[in-house]
Amino acid sequence: MLEKGKISNNQFILIFVISRLMLTMAYLPYVNAPPWNQDLWISAILAFPIHILLVLPVYFLTNRFPGQSLIQSVETILGSWGKIIGALYVWFFLHRTAVILRELGEFLKAIPYPETPIIVFITATALFAAYSIYKGLETICRVAEIVAPLVLASVFLVFIMIAKDVDIYALTPVLEDGIIPVIYGGFVIAARSTLSLFLWMLKPFINEPEKIRTTVVLISFILTLHLTPTSITTIGVFGLEQAKILNFPFFHLVRMINIGSFLERIDALFIGFWVLGMCIDIAIHNYLAVLSAAQLLKLKDYRPIVVAMGTVIVSLSILQAESVVELNEFLSYKVLTWYNLFFTFALPLLLLIVAVIGKKRIDYK
């Protein structure tokens, strides 16, 4: 096995929660997606069961092929044809890492360092990710154990400190356009998640895989606990229309915090925590890209390709969009929703059907 390290279920929870929350906190893309109104917080709640349903094909696949990662189980199901599907997943991890790198660069260039070239942020973060990958999965998860509580605590404090400024009437009327757009909004929120692929790649390294069902439910619950108050506070403070035109609504929310004359301008602290979380997010996605490529190529060690993969990711991060506007077009619900679903749900569901019909599985020893 290329990776000999083991991680706990709690570490898996933290590494994914950090991965999922970082971009949401900065960009909050859901304000420009269904249901297109103040019922966004209801969609956030409905995303909880939808999120779990979208993970089911991979959950059943990992039970049929215990001890095998995504790349390995695909080749077990399809034989040599599995390399084509495996290559598609390598591309997905590589491309997603590049997108996250670019989003981090756009945020840092737009807010704290507008005069600094974006390539500086992208390259520096990519170097951190490469160093983390050399240290292995266990090291990345241990750092996440330190960073995650800081990030979650800081977000919780933001909710408390901004609560006095929330206009609850901005969330009315409830179900203004009916329930269908709200359900669609919950589907869009859940579809942006890549929990199924994290599970598929990392379950072989989790030390208590028999508890993974509880782990998946807990992750979905934590994400709901985060996104629901984020939606309420953002819309309650800015109103829906203003929130839609802000590039980084949650960051502007943090800037508004002012308690007395002794607690203000905590946005610098928020940026620090956010950048730490983003570095973990990029490191784990880069790790998945490198590990999947090494497994596809049947390498004995993934470390020799870290630099090459990093170079490709940095180049793609710069070249994939000319501006943040073009990047946001790809990240919109019209594109990213279906792009993600193809890899996280449609392909796994098809592979599960093929595995069941072909009666392919690996029995527990």
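Sequentially through segment 339-345, phi angles give Karplus couplings (6.51, -1.76, 1.60; θ = phi - 60°) of 4, 5, 4, 4, 8, 8, 10 Hz, Gly and Pro residues having no value and appearing as x. Between segment 310-365 and segment 186-240, how far is it from one alpha carbon centroid to the other, in angstrom? Result: 17 Å between the Cα centres. Assuming a ≥ b ≥ c are the square roots of the Cα gyration tensor eigenvalues, decide whether segment 1-143 counts as rounded (a/c under 1.5), prolate (otherwise, with a/b larger than b/c) or oblate. Judged from the Cα gyration tensor, segment 1-143 comes out oblate (a/c at least 1.5, b/c at or above a/b).
Pairwise Cα separations in segment 203-300 fall into 5 Å bins from 0 onward with the following percentages, short to long: 2, 9, 11, 14, 18, 14, 10, 9, 7, 3, 1, 0, 0. Projecting the Cα atoms of Leu78, Ala110, Val155 onto the dipole axis of the chain, where Lys and Arg carry +1 and Asp and Glu carry -1 at the beta carbon, places Leu78 farthest toward the positive end.
Would you please classify the overall shape of segment 286-365 from the alpha carbon gyration tensor, given that a ≥ b ≥ c denote the square roots of the eigenvalues, rounded means a/c under 1.5, and beyond that prolate means a/b larger than b/c while oblate covers the rest?
Values: a/c = 4.23, a/b = 1.30, b/c = 3.25.
Note, shape of segment 286-365 comes out oblate.
Under a point-charge model restricted to the Cβ atoms of Lys and Arg (+1) and Asp and Glu (-1), what is the dipole moment magnitude of segment 9-357 relative to its Cα centre, in debye to the nearest 20?
980 debye
In the chain, one over the average inverse separation of all distinct C-alpha pairs is 21.1 Å, which is the Kirkwood hydrodynamic radius.
Throughout, read-outs are computed from the coordinates displayed, never taken from laboratory work. Here the structure is a predicted model, which is why all the values come from computation and not from measurement. Neighbour counts run over all protein chains shown; Cβ positions are idealised from the backbone, glycine included.
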